[in-house]
Amino acid sequence: MSVPKKTFATLAAAIALCATSLGALAEAPRYNQVSLHAEVSQEVAHDLMNVTLYSEAQATDPARLAGETTETLNAAIAEARKVKGITVSLGSRNSYPVYDEKGQKITGWRERAELRLESSDFAALSRLTADLQSKLKLGNMSFSIADATRKKSEDALMKGAVDAFKARAQLLSDSLGGKGYKMVSLSVNSADAPRPVPVVRMSMAKADSYGGAPAPQIEAGTSQVTISADGTIEVQMP
């Protein structure tokens, strides 16, 4: 016995309607959901010092200028590598023409090359920086938190951030008269807020202790490492 095509069409429509209803039920809005934010912070001392030194000179012969710049850098690198605990790397290097007053004729060439130094031994890098300034100019001195130190601080703060989130969630649930809450979502993120650039003061009294230029007294400063917890809870009402 054959079933009319109209019956098949009606049955298919009924199944589709049922599936749509079940889907709508599954996607029905969930009530009593609240978004929360909590964070914990800690001041962490900078333990990494970064120094950028540079050579800058001008000459009419670009090849000779490049050679002299390379010699200056090589001499500085050789001196820096003698100091233990110093990471040495080359920064940017560029050369560009110098024009006459009318801007039409090249009268010379100017070249600038950087040498970057990094160390957790502030005293050693400070002395080396002072010594190298007989060959190079000081471009920048900055301080930061080493990766290992940052990770250790973040790991220590992570549990505190989650505990702070749970405490706020429980407080909110109690305030709304709930019997508890369910965690819907939670994300934990890290951030740090650098402090103003620390002061670098020159100490003339120590200049003769190692036969070089005055070494700067370092005030490295701190950064605030912060772990935040953001998420959504669903308050369970009686």
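Working out 0.36 nm times the residue gap between Arg110 and Arg93, then minus their Cα-Cα distance, what length gain in nm do you get to one decimal?
Result: 5.0 nm gained on full extension.
Can you figure out the FRET efficiency of Glu56 with Glu101, using R₀ = 35 Å and their beta-carbon distance, to the nearest 0.05?
0.95
From the phi of every residue in region 120-137, what ³J(HN,Hα) in whole Hz does the Karplus formula 6.51 cos²θ - 1.76 cosθ + 1.60 yield, where θ is phi - 60° and glycine or proline is x?
Result, rounded to whole Hz: 8, 8, 4, 5, 5, 5, 5, 5, 4, 4, 5, 5, 6, 6, 6, 10, 10, 9.
Would you calculate the convex hull of the Cα atoms in region 125-186 and tell me its volume per residue in Å³?
140
Quantify how much of the Cα-Cα distance distribution of region 37-87 extends past 16 Å, in percent.
That tail contains 63 percent of the Cα-Cα pairs.
Please list the equivalent ellipsoid semi-axes of region 48-144, computed as the square roots of five times the alpha-carbon gyration tensor eigenvalues, in descending order and whole angstrom.
Calculated on Cα positions only, the semi-axes equal 30, 13, 9 Å.
Which of the peptides 118-130, 226-238 is most tightly packed, and how do the rest follow, judged by the mean count of other Cβ atoms within 10 Å per residue?
With the highest mean Cβ count within 10 Å placed first, the list reads 118-130, 226-238.
For the residue pair Ser187 and Ser142, what label-to-label distance in nm results when each label sits 7 Å from Cα along the Cα-to-beta-carbon direction?
It works out to 2.6 nm between the two label points.
None of the figures in this text is laboratory data; all of them are computed from the coordinates on show. Since the model is a prediction, treat every value here as computed from it, not as a measurement. Using ideal geometry, Cβ is built from the backbone for each residue, glycine included, and neighbour counts are taken over all protein chains shown.
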